[in-house]
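Novice: Can you read through this structure? Questions will come right after.
The values are calculated or read from the model by the stated rules, or taken from the named source; none is laboratory data. If you're wondering where the values come from, they're calculated on a predicted model, not measured in any experiment. With ideal geometry, Cβ positions are generated from the backbone for all residues, glycine too; neighbour counts draw on all protein chains shown.
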Ligand SMILES: Nc1ncnc2c1ncn2[C@@H]1O[C@H](COP(=O)(O)OP(=O)(O)OP(=O)(O)O)[C@@H](O)[C@H]1O
Ligand SMILES: [Mg+2]
């Protein structure tokens, strides 16, 4: 895999409010190889995604989208590269005052490059892909949690990204909702998209990813395949995969 086709962070350090969130953290997302970053709540998973998108700046280390180092650059300097990536935020982050259709199409409308007819066509196609076309004219408040997540995915797909970041896409969903998201992610992968997910949901991670990183106490505690993760004897990894009673109330 060439550097041109990857998104990566090298020896990234990030701290906020006097607390170290990431220290010398390395991660590479290669095109066609789907990755999950695992970590407990509050460990810094969302922070990693924000750093990769340039929404946060690390104190040290480098972040690349393809050949371009984005660290320290203004977004306007890497807009073309940034457009290859879409994110489905934790909780969906839909605009409550907009209909589902407007939520999915607003970025395209803002870009001003396509006609309204074309945008409506794309919006319908993306909503059909995620299975909520009938919700086109509803408002987010009228949707179930699972539907909201699917609309958020449709919105991420509107600009036809190559890479899609998912921030805990299955948290709070019932088993059918989880199944829907997993099969959606698998269909996206079959359609040639590369996914990067952050989660603590192991079932979803194993169903959708080939590569795994485990973030523990600001460090990369593990990196490898599902088989390697399952076979790993490191105490940190074992504890994450099978929490013991002693670890439940710390
Ligand atoms: N603006 C801020 N000021 C101080 N601390 C912050 C700020 N933003 C985030 N943090 C802290 O940074 C840590 C990492 O946050 P982050 O949201 O990346 O965790 P996470 O792994 O995504 O958690 P969760 O699984 O709950 O979503 C958390 O402990 C959080 O309290
Ligand atoms: Mg988070």
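Novice: Just the residues that are touching a strand residue (DSSP E or B) at 6+ places or on another chain (Cβ under 9 Å) and not in a loop (DSSP other than H, G, I, E, B), please, taken from the stretch 89-106.
Specialist: none
Novice: Continuing with this model, one more query. Taking the stated definitions as given, is residue 25 assigned to a strand (DSSP E or B), touching a helix residue (DSSP H, G or I) at 6+ places or on another chain (Cβ under 8 Å), in contact (Cβ under 8 Å) with a residue 40 or more places away in the chain and surrounded by fewer than 22 Cβ atoms within 10 Å (Cβ to Cβ)?
Specialist: For residue 25, the condition - assigned to a strand (DSSP E or B), touching a helix residue (DSSP H, G or I) at 6+ places or on another chain (Cβ under 8 Å), in contact (Cβ under 8 Å) with a residue 40 or more places away in the chain and surrounded by fewer than 22 Cβ atoms within 10 Å (Cβ to Cβ) - is not met.
Novice: Still on this model: Scan 18, 101, 39 and give me the residue that is crowded, with 17+ Cβ neighbours inside 10 Å, more than 27 Å from residue 207 (Cβ to Cβ) and either within 16 Å of ligand 1 (Cβ to nearest atom) or modelled with pLDDT of 95 or more (or both).
Specialist: Selected residue: 101, the only one of 18, 101, 39 that is crowded, with 17+ Cβ neighbours inside 10 Å, more than 27 Å from residue 207 (Cβ to Cβ) and either within 16 Å of ligand 1 (Cβ to nearest atom) or modelled with pLDDT of 95 or more (or both).
Novice: May I pose another question? From the list 144, 97, exactly one residue is without any contact (Cβ under 8 Å) to a residue 60 or more places away in the chain and farther than 24 Å from residue 183 by Cα. Which is it?
Specialist: Unique residue meeting the criteria: 97.
Novice: Related question: Quick one: in the stretch 122-144, of everything that is assigned to a helix (DSSP H, G or I) and within 17 Å of residue 95 (Cβ to Cβ), which residue is farthest from ligand 1 (Cβ to nearest atom)?
Specialist: 123
Novice: If you go through the stretch 8-15 one residue at a time, do you hit one that is touching a residue at least 12 places away in the same chain (Cβ under 8 Å), in contact with a helix residue (DSSP H, G or I) (Cβ under 8 Å, 6 or more places away or on another chain) and under 29 Å from residue 190 (Cα atoms)?
Specialist: So far as the stretch 8-15 goes, yes, one or more of its residues are touching a residue at least 12 places away in the same chain (Cβ under 8 Å), in contact with a helix residue (DSSP H, G or I) (Cβ under 8 Å, 6 or more places away or on another chain) and under 29 Å from residue 190 (Cα atoms).
For every residue, the table says whether it meets (1) within 13 Å of ligand 1 (Cβ to nearest atom); (2) closer than 19 Å to residue 159 by Cα.
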{"site": "51", "(1), (2)": "yes, no"}
{"site": "73", "(1), (2)": "no, no"}
{"site": "76", "(1), (2)": "no, yes"}
{"site": "81", "(1), (2)": "no, yes"}
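Novice: Would a scan of the stretch 29-52 turn up a residue that is free of Cβ contacts under 8 Å to residues at least 60 places away in the same chain and away from ligand 2 (no atom under 16 Å from the Cβ)?
Specialist: no
Novice: When you check residue 56 against the structure, is it more than 12 Å from ligand 2 (Cβ to nearest atom) and either in a helix (DSSP H, G or I) or in contact with a helix residue (DSSP H, G or I) (Cβ under 7 Å, 6 or more places away or on another chain) (or both), yes or no?
Specialist: yes
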